[in-house]
Amino acid sequence: MFEYAPAPESRDIVDIKPSYGLFVNGEFVDGGGPGLKTVNPATEEPLAEVATATSDDVDRAVQAARKAFGVWSALPGAERAKYLFRIARIIQERARELAVLESLDNGKPIRESRDVDLPLVAAHFFYYAGWADKLRYAGFGDNPRPLGVAGQVIPWNFPLLMLAWKIAPALACGNTVVLKPAETTPLTALAFAEICQQADLPPGVVNIVTGAGDTGAAVVAHPDVDKVAFTGSTEVGRVIARTVAGTNKKLTLELGGKAANIVFEDAPIDQAVEGIVNGIFFNQGHVCCAGSRLLVQESIQEELLDSLRRRMATLRVGDPLDKNTDIGAINSAEQLAKIRDLSAAGESEGAERWSPACELPQRGFWFPPTLFTGVAQSHRIAREEIFGPVLSVLTFRTPAEAVEKANNTPYGLSAGVWTEKGSRILWMADRLRAGVVWANTFNKFDPASPFGGYKESGYGREGGKIGLEAYLDV
Amino acid sequence: MASSNATLRAFLHGLPGVDRVGADQRAAMLGTRSIKTTAKAKAIDLAVSMVDLTTLEGADTPGKVRALCTKAMHPGAGAPRVAAVCVYPDLVHVAAEALKGSGVKVASVATAFPSGRSSLEVKVADTALAVAAGADEVDMVIDRGAFLAGDYLKVFEEIVAVKAACGAAHLKVILETGELATYDNVRRASWLAMLAGADFIKTSTGKVQPAATLPVTLVMLEAVRDYRDETGIQVGVKPAGGIRTTKDAIKMLVLVNETVGDDWLTPDWFRLGASTLLNDLLMQREKLTTGRYAGPDYFTLD
């Protein structure tokens, strides 16, 4: 009866060049490797060709960063802050353009890139700009020193936001960086390189090297890199830890997750349903801290699942650039295959699969919001990270059982607790082995709040005052 | 359930709580929906047809009410008529006369509107006066003092008594959510009104701020949805007060669409209590048809 007409955000605001080089020493230069195409996952149309950095290219980038380190680290903190504030303001000014670019390259809905990613990106730069001249008050001694050159490798799920998480604290502390964006989502990082030029950032302070896994490996393994920061899969994280072992490099890893979203019978049901939806369907479930396991108290299981199914039926899946889209495209064919594979495993292991009726576009990579009920801890879909819009529902009877099940995973990145009882929230938070515990909300981020994992979810913290530690010689 | 304050309290306090942050966030997210072109045209006409065109001033006169009734029946070129005209009880006969045969309903506030601070006898008499004068719909206020004091039974019994006095007239129960303060109270008051026989639940009198906010309307929509699931009885919702622009109205329709769906998207089940809103809807309607904004003097002030 009330159908929303298409409301597409204009893509004219972004000017995508046919090809991009590497950003080394303040300039765009050709890469030595074969070019790689980045595509729009919603249509499979190629967006641009991006250079691949060879180990020689990486070496040049690290050398540039090393050279710039002397100048950059010697600047008074207040001067470094000026650059970071400038970058933050340019990001705000160009927010609409960057949001469209992010949605085109990544497949995430424009509503999310516009209302979540970009505001947080700017906020991160503002936040760490504020720390740059106050490092001696951060609790790491009277004169905390930077580490040197940071090699940073980031994933495709929040391309620009993960860049901000990595670059902002590194620069604030006086380090210089060589950053490798994910091979399927390099475009906003390259736009950020332009922003560095626009902000007159001294050459070599930020270097962006594009490419696939080999490029990332070269960054991590480079002998003149003092610090490695990685966000991505646990599998790659292990390889990196092995590479870095025995060297003087400092390492932080932010890896996978299989978070439990725990709903008690006294929860605010309507908001819990929103939180469950936001927890797993936000960003197509491409979120390391996604609430992919719903632990619901058995006494309200039916009622809650009815509400959840009703809510899921209103999710709008489709064109990421439509302002009314809730769920966009899966980022790559490879990821789609992985989601399909694990979902098939869920069915074959006996869990019950449900998706609302929804029409998926013909071209591009798509997966409907999916619910698995009757899931047991032993199912693959309850153990392995799916990294897609797939929710596994398990039940519990008592708070102790909820904690036991929530913690019974190799991961430990985040958890959610839904109850109107404040004391229970605290009781649960004390016992949940997860870096972030959200109470009566989920997937809330703030630059002042640290983020990181237990166990196979990695180590080190990003964000907040504690996030400075990863980039200081302490 | 309504046998005593204790049983009512046990029931109402057993309803799931409302988390304020989450409810605000959901309403704000729905507020970002972008309604354009054909969808906007449809939404505007739908919104016009849901307006309870209201005048509730001490200075209201028969002339003023007649002018408003004319506007209600003929809002402007091609626009549908509004749902109802809402006036004080002593002017109901004027509105009833003016609107006769037009299909536009006559609504009257009653029960010592807006504060509700009078005896039950006065409230019932007030209602009876409005109904006798030709009101099709009665907008009563609940006793917020009694509600906040925990005397749910008193609130319940008053609604039952007013409902009886309404006879065939539809009863809208105004919760005055701005005075109830918490969303938990809004949900409880909604259920209390529905259990007592409300045909509609309405946010506000328009005399207290905040009035019809998006999250409050969201909580009330969730209540009517859950009530129908439980009892099979459908109850309407009327946000009133503070809805001034087409944007505000469309946000309300989006809220209805994505919370309770099609079944409520008609003037029979959803109303917008407003006075200045109508002209903004007409202006936006004109803009959509002609591509240009007309000046305010091209729309009548009534």
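For this structure, a couple of remarks:
- Just so you know, in segment A:408-444 the residues that are over 22 Å from residue A:266 (Cβ atoms) and surrounded by fewer than 18 Cβ atoms within 10 Å (Cβ to Cβ) include one that is farthest from the other protein chains (Cβ to nearest Cβ), and it is A:410.
- Candidate set: segment A:57-115, residues that are of a type in the set (A, V, I, L, M, F, W, C) and within 14 Å of chain B (Cβ to nearest Cβ); chosen: the one nearest to residue A:285 (Cα to Cα): A:110
- Looking at B:236, B:241, just one residue is within 26 Å of residue A:303 (Cβ to Cβ), of a type outside the set (Lys, Arg), surrounded by 19 or more Cβ atoms within 10 Å (Cβ to Cβ) and within 12 Å of the chain's Cα centre (by Cα), and that residue is B:236.
- For the residues A:3, A:49, the requirement of being surrounded by fewer than 19 Cβ atoms within 10 Å (Cβ to Cβ) and either on the phi > 0 side of the Ramachandran plot or not assigned by TED's automatic domain parsing to the domain that holds residue A:189 (or both) singles out A:3.
- Residues (within 15 Å of residue A:180 (Cα to Cα), among the hydrophobic types (A, V, I, L, M, F, W, C) and not in a helix (DSSP H, G or I)) located in segment A:30-72: A:36, A:50, A:51, A:53
- Enumeration of residues in segment A:236-271 that are in contact (Cβ under 8 Å) with a residue 40 or more places away in the chain, assigned to a loop (DSSP other than H, G, I, E, B) and closer than 30 Å to residue A:420 by Cβ: A:257, A:258, A:259, A:264, A:266, A:267, A:268
- Taken as a whole, the condition of being within 14 Å of another protein chain (Cβ to nearest Cβ), part of a helix (DSSP H, G or I) and surrounded by fewer than 20 Cβ atoms within 10 Å (Cβ to Cβ) applies to residue B:229.
- Among the residues of segment B:270-301, those identified as touching a residue at least 40 places away in the same chain (Cβ under 8 Å) and of a type in the set (A, V, I, L, M) are B:272, B:274, B:277, B:278, B:281, B:282, B:288.
Residues checked against (1) within 14 Å of chain B (Cβ to nearest Cβ); (2) part of a loop (DSSP other than H, G, I, E, B):
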site	(1), (2)
A:324	yes, yes
A:329	no, yes
A:338	no, no
A:343	no, no
A:347	no, no
A:353	no, no
A:361	no, yes
A:367	no, yes
A:371	no, no
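- Test: residue in segment A:270-277 that is in contact with a Phe, Trp or Tyr (Cβ under 7 Å, 6 or more places away or on another chain) and either over 25 Å from residue A:9 (Cβ atoms) or within 14 Å of chain B (Cβ to nearest Cβ) (or both): yes
- Test for residue A:417: is it at pLDDT below 95 and either in a loop (DSSP other than H, G, I, E, B) or not assigned by TED's automatic domain parsing to the domain that holds residue A:154 (or both): no
- Listed by first and then second residue, the pairs linking a residue in segment A:335-352 that is closer than 30 Å to residue A:182 by Cα to a residue that is modelled with pLDDT of 95 or more and of a type outside the set (A, V, I, L, M), with Cβ atoms under 6 Å apart and 6 or more places separating them unless they lie on different chains, are A:336/A:365; A:339/A:367; A:339/A:388; A:345/A:380; A:346/A:372.
- Unique match (being within 14 Å of chain B (Cβ to nearest Cβ) and either at pLDDT below 95 or in contact with a Lys or Arg (Cβ under 8 Å, 6 or more places away or on another chain) (or both)) among A:7, A:48: A:7
- Wholly enclosed helices (runs of 4 or more DSSP H) of segment B:1-64 bearing at least 3 residues aliphatic (A, V, I, L, M), touching a residue at least 24 places away in the same chain (Cβ under 8 Å) and out of contact with any Lys or Arg (no Cβ under 8 Å at 6 or more places or on another chain): B:20-30, B:37-49
- With respect to being at pLDDT 95 or above and assigned to a strand (DSSP E or B), residue B:139 fits the description.
- Filtering segment B:251-265 to residues that are assigned to a loop (DSSP other than H, G, I, E, B) and facing chain A (nearest Cβ under 9 Å) leaves B:261, B:265.
- Search result, residues across segment B:31-48 that are facing chain A (nearest Cβ under 10 Å) and among the aliphatic types (A, V, I, L, M): B:35, B:39, B:41, B:43, B:46
- Taking the conditions (1) in the same structural domain as residue A:329 (by TED's automatic domain parsing); (2) on the phi < 0 side of the Ramachandran plot in turn, residue A:444 satisfies each one other than (1).
- Sole exception among (1) part of a loop (DSSP other than H, G, I, E, B); (2) crowded, with 23+ Cβ neighbours inside 10 Å for residue B:76, by number: (2)
- Flag for residue A:142 being assigned by TED's automatic domain parsing to the domain that holds residue A:44, touching a Lys or Arg at 6+ places or on another chain (Cβ under 8 Å) and either crowded, with 24+ Cβ neighbours inside 10 Å or part of a loop (DSSP other than H, G, I, E, B) (or both): yes
- Residues satisfying the criterion are absent from segment B:192-203 (criterion: buried (at least 21 other Cβ atoms within 10 Å of the Cβ), without any contact (Cβ under 8 Å) to a residue 60 or more places away in the chain and basic (Lys, Arg)).
- Only one of B:63, B:17, B:76, B:58 that is on the phi > 0 side of the Ramachandran plot and either out of contact with any Gly (no Cβ under 7 Å at 6 or more places or on another chain) or more than 14 Å from every other protein chain (Cβ to nearest Cβ) (or both): B:76
- Taken as a whole, the condition of being within 19 Å of residue B:252 (Cβ to Cβ) and more than 14 Å from chain A (Cβ to nearest Cβ) does not apply to residue B:122.
- Of all residues in segment A:325-360 being in contact with a Gly (Cβ under 6 Å, 6 or more places away or on another chain) and not acidic (Asp, Glu), the one that is farthest from residue A:101 (Cα to Cα): A:351
- Only one of the listed residues (A:149, A:116, A:121, A:177) is within 30 Å of residue A:325 (Cα to Cα) and surrounded by 24 or more Cβ atoms within 10 Å (Cβ to Cβ). That residue is A:121.
- All positions within segment A:241-269 that are of a type outside the set (D, E, K, R) and either more than 30 Å from residue A:147 (Cβ to Cβ) or facing chain B (nearest Cβ under 9 Å) (or both): A:259, A:260, A:261, A:262, A:263, A:264, A:267, A:268, A:269
The values are calculated or read from the model by the stated rules, or taken from the named source; none is laboratory data. Because the structure is a prediction, the values reported are computed rather than measured. Every residue, glycine as well, gets a Cβ built from its backbone with ideal geometry; the counts of neighbours run over all protein chains shown.
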